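Step one of this worksheet: look at the structure below.
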């Protein structure tokens, strides 16, 4: 009964509890980082308590590389917020229409504005993500770093080439800054997108049922990491919501469980699975992955 409760209610409790806590502390930025750190610890503990695949809890010589990816991706994502703000100031700060849209958005009630921001923040990353899979070339080689792990667990949620991390963050943030959403909506959108981004790699046996048509969670996302290309070319949504997969017909959730050895690249014989430096260089040194 205890484990079943965690499977069904663990993610909603974590998600809505984090949102409530952030509101209760008036969206203070230090609380943002405190909530993310607490969620990381809880997710790491739940992976041991209720793993989806016990084999994925065993290190494969990849931990050091994943720690370096975590640090680099965090730094790139943080810097990209500043880049996005400067880009808006350069392109559109003086446009009257931009100020008019921002005025409307900032007068909206918080919850509708938040929902709109979550939807908008996922649109451009969805299409960039989809193109990186469906058009073989530099985009896929850069994105292949994210698909190189042969297990899924909380730490490799941030395994990205820095160019990939930059476009993920910029394409998510820039439309929100351009449209002029209020600071509280921006902060909450960032919190919820980051929270789901951590949880959808977690090796936890969450079972969301109908909520899988709302949230871009691990029951969906692990299929996106399948070695089989036809299976992996689904569930492109980035951030909190799965809405764009539903809209564009790429939502996919089969009834069976994904086996532990079904995750990773189709042919990883020559891929540097454990070396951080070689993962940085690989996309630029090889014209094709396979």
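The values are calculated or read from the model by the stated rules, or taken from the named source; none is laboratory data. Every value quoted in this text rests on a predicted model; they were computed, and no experiment measured them. Counting neighbours? That spans all protein chains shown, and the Cβs are built from the backbone with ideal geometry, glycine included.
Tabulated data
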quantity: Subset of the stretch 116-125 that is under 17 Å from residue 194 (Cβ atoms) and touching a residue at least 60 places away in the same chain (Cβ under 8 Å) - its residue that is surrounded by the fewest Cβ atoms within 10 Å (Cβ to Cβ); calculated: 119
quantity: Residue selected from the stretch 261-278 under the condition part of a loop (DSSP other than H, G, I, E, B) and exposed (fewer than 13 other Cβ atoms within 10 Å of the Cβ), by the criterion modelled with the lowest pLDDT; calculated: 269
quantity: Qualifying residue in the stretch 81-95 (condition: buried (at least 17 other Cβ atoms within 10 Å of the Cβ), out of contact with any strand residue (DSSP E or B) (no Cβ under 8 Å at 6 or more places or on another chain) and modelled with pLDDT of 90 or more); calculated: no
quantity: Of all residues making up the stretch 227-248, the number that are in contact (Cβ under 8 Å) with a residue 40 or more places away in the chain and not in a helix (DSSP H, G or I); calculated: 7
quantity: Lone qualifier among 23, 39 - being over 28 Å from residue 145 (Cα atoms), at pLDDT 90 or above and in a helix (DSSP H, G or I); calculated: 23
quantity: Out of 256, 207, sole residue that is under 20 Å from the mean Cα position of the chain (by Cα), assigned to a loop (DSSP other than H, G, I, E, B) and surrounded by fewer than 19 Cβ atoms within 10 Å (Cβ to Cβ); calculated: 207
quantity: Unmet requirement for residue 179, which otherwise passes all of (1) closer than 21 Å to residue 243 by Cβ; (2) out of contact with any strand residue (DSSP E or B) (no Cβ under 7 Å at 6 or more places or on another chain); (3) modelled with pLDDT of 95 or more; calculated: (3)
quantity: Residues of the stretch 78-115 classified as part of a helix (DSSP H, G or I), in contact (Cβ under 8 Å) with a residue 40 or more places away in the chain, within 16 Å of residue 177 (Cβ to Cβ) and touching a helix residue (DSSP H, G or I) at 6+ places or on another chain (Cβ under 9 Å), total; calculated: 15
quantity: Any hit, the stretch 124-136, residues being assigned to a loop (DSSP other than H, G, I, E, B) and within 30 Å of residue 232 (Cβ to Cβ); calculated: yes
quantity: Residues within the stretch 137-148 that are surrounded by fewer than 19 Cβ atoms within 10 Å (Cβ to Cβ) and part of a helix (DSSP H, G or I), tallied; calculated: 2
quantity: Residues (under 25 Å from residue 24 (Cα atoms) and surrounded by 23 or more Cβ atoms within 10 Å (Cβ to Cβ)) located in the stretch 149-187; calculated: 173, 181, 185
quantity: Residue match in the stretch 46-69 (condition: closer than 29 Å to residue 171 by Cα and without any contact (Cβ under 8 Å) to a residue 24 or more places away in the chain); calculated: no
